[in-house]
Each structure stands twice: as C-alpha cells, then as structure tokens.
Amino acid sequence: MTEIIVVTSGKGGVGKTTTSASLSCGLARRGHKVAVIDFDVGLRNLDLIMGCERRVVYDFVNVVNGEANLKQALIKDKRFDNLYILAASQTRDKDALTKEGVQKVLEDISAEGFDYIVCDSPAGIEKGAFLAMYFADQAVVVVNPEVSSVRDSDRILGLLSSKTRRAENGERVKEHLLLTRYSPKRVEGGEMLSIGDVEEILGLKTIGVIPESGDVLNASNKGEPVILETESDAAQAYDDAVARLLGDTRPMRFTQVEKKGFFSKIFGG
C-alpha cells in the first residue's frame, strides 16, 4: 500500500523543498521505492535541489492534462535507482491542477508499486497547497521556531483536520512537526521559541530538529539534497527524522548549546 506524505507549512521559505528532497532521499536510501512531486506550479524548485533540472522534458501538469504519460515525466534520480522526481510546470498557472487530475496521477504512481509518494507543497492555503494535502496519509509540517511561522502553521493544521480526504471519511492525517533553522544559542537568549514552546502551541510531537546551518544552502546550490552531505549536522538531523518517520526511536540531537571544553576556554577556541 502506497503511503502519501505531504510536506507543508503556512509560511514560505521555511525549508519545505529541502525537507521533501531530504526525506525522499532518506527513504530511498533505506530501500523504499519513492516518488517526490513538486506541487508548486509556476515556481518549480524541487528539480534544482535534486540536481535534475536539465532533464525535465515533461512535468506534472503535462501528465494531468494527458499531454504525456507518467513514465515520460518521472525522472529517475542519478543517485538512487528507486527514487523518481515529478517536476512542476514553470509556465502554467496554479489553476492548471485539478483534484481529479491529481488523484489519477497519484493512483497511477501507486499502481507502479511505489512505497511512498512525497508531495512538496507550496506555502499557504492556495489551490496547489490544498491539492498537495488533500490525498495525504501523513503530513510533515515544517516550522521555523518563530511566532509568525508557528501561527501560520496552526492554520495548516486546521485544514489537515477538516479539508482532506481522510477528514471527510472521519479519519485523521497523521501529523508530524519538523523544526528547521533551529539555534539552541538563540533559544537560550530568548530570541527563538524552544521545541517545547512550539509543540505546546501546535499540539504536535517533533519528528526532527534541523539545526541552522550553511550546509543546507551549499547543498542546494550544488543540486544535492543536504541529507547526502553525511558529515553535516543538518544531514544527520534529517536522517534521524527519516528514521523516526519509519517508527524508529532516536534521541533528539543538536538541540543544546555546545559546552566549551577546558582547552577551548583557555585558548578561546
């Protein structure tokens, strides 16, 4: 049975596409067959982060409109044989997607034996975001630990509990909280909300805490999902999040201010 996971948020620029790319790679690295779909019609960033932008011939809208079939549009990842990308259209309007069209694409992907479909949602509550979440079984809500991001995400949780197919059937979408750009030092200084603060406001359990790191931007610029930069704290944090998504128990890392050792205190390191 194919599991559909939407990666969503209320606010733009919080790291949804980075998260979609990293979760997809993490699931594929564990042997699962994964398709990741960019729902951000008109902007299209997922193919850049996945490093396959030059290989896009047909996109999501082409498939919805019957201008190409799924096999023509799915791009096989160059790192994992079991990972495929379906790019968004840069030239169409957001209204190009329909509920019936999206449903057919998801059903066709499921019929190909995929374990997971990761839906990279646009920010906010417009049509693309609604369609990205409508068919979801699970939702990863990406939040920066600041008041405006948390408040906007609260609205998304309202939609997940009322405007999805599962909600219509009297069921719940399984929701997970993923905190990005987390800085323990800034939390300690009162400039940023703590993990506990965000969990309490949103009523969600945290599946991952991604530390504030330049590695994320560097990886994106190289067309390489940050989870593959194995030495990076952000990569390890995303790997932990994938493990928890699959039901493993892992301690939460990168959430405390690093205490300086004796020698670094003396020599100012």
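The values are calculated or read from the model by the stated rules, or taken from the named source; none is laboratory data. The structure presented is a predicted model; accordingly, all values stated were derived computationally and were not measured. Counting neighbours? That spans all protein chains shown, and the Cβs are built from the backbone with ideal geometry, glycine included. The area values use the complete protein model at the heavy-atom level, side chains included, leaving out ligands, DNA and RNA. Shrake-Rupley method; radii C 1.70, N 1.55, O 1.52, S 1.80 Å.
Summary table
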read-out: Tally, over the stretch 129-147, of residues that are farther than 28 Å from Ser194 by Cα and either out of contact with any strand residue (DSSP E or B) (no Cβ under 9 Å at 6 or more places or on another chain) or without any contact (Cβ under 8 Å) to a residue 60 or more places away in the chain (or both); value: 2
read-out: Check on Gly190, modelled with pLDDT of 95 or more, open to solvent by 30 Å² or more (accessible area, probe 1.4 Å) and not polar (S, T, N, Q); value: no
read-out: Subset of the stretch 204-218 (residues that are without any contact (Cβ under 8 Å) to a residue 40 or more places away in the chain and over 14 Å from Pro145 (Cβ atoms)); value: Lys205, Ser213, Gly214, Asp215, Leu217, Asn218
read-out: Helices (runs of 4 or more DSSP H) within the stretch 11-128 that include 3 or more residues touching a residue at least 24 places away in the same chain (Cβ under 8 Å) and closer than 20 Å to Asn221 by Cα; value: 16-29, 46-49
read-out: Matching residues, the stretch 221-251, being surrounded by 19 or more Cβ atoms within 10 Å (Cβ to Cβ) and hydroxyl-bearing (Ser, Thr, Tyr); value: Ser232, Tyr238
read-out: Search result, residues across the stretch 138-168 that are assigned to a loop (DSSP other than H, G, I, E, B) and in contact with a helix residue (DSSP H, G or I) (Cβ under 7 Å, 6 or more places away or on another chain); value: Pro145, Ser161, Lys163, Thr164
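Quick grid of which residues meet (1) touching a Lys or Arg at 6+ places or on another chain (Cβ under 8 Å); (2) open to solvent by 60 Å² or more (accessible area, probe 1.4 Å); (3) basic (Lys, Arg):
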site: Ser22; (1), (2), (3): no, no, no
site: Gly26; (1), (2), (3): no, no, no
site: Asn45; (1), (2), (3): no, yes, no
site: Leu48; (1), (2), (3): no, yes, no
site: Arg55; (1), (2), (3): no, yes, yes
site: Phe60; (1), (2), (3): no, no, no
site: Ala73; (1), (2), (3): no, no, no
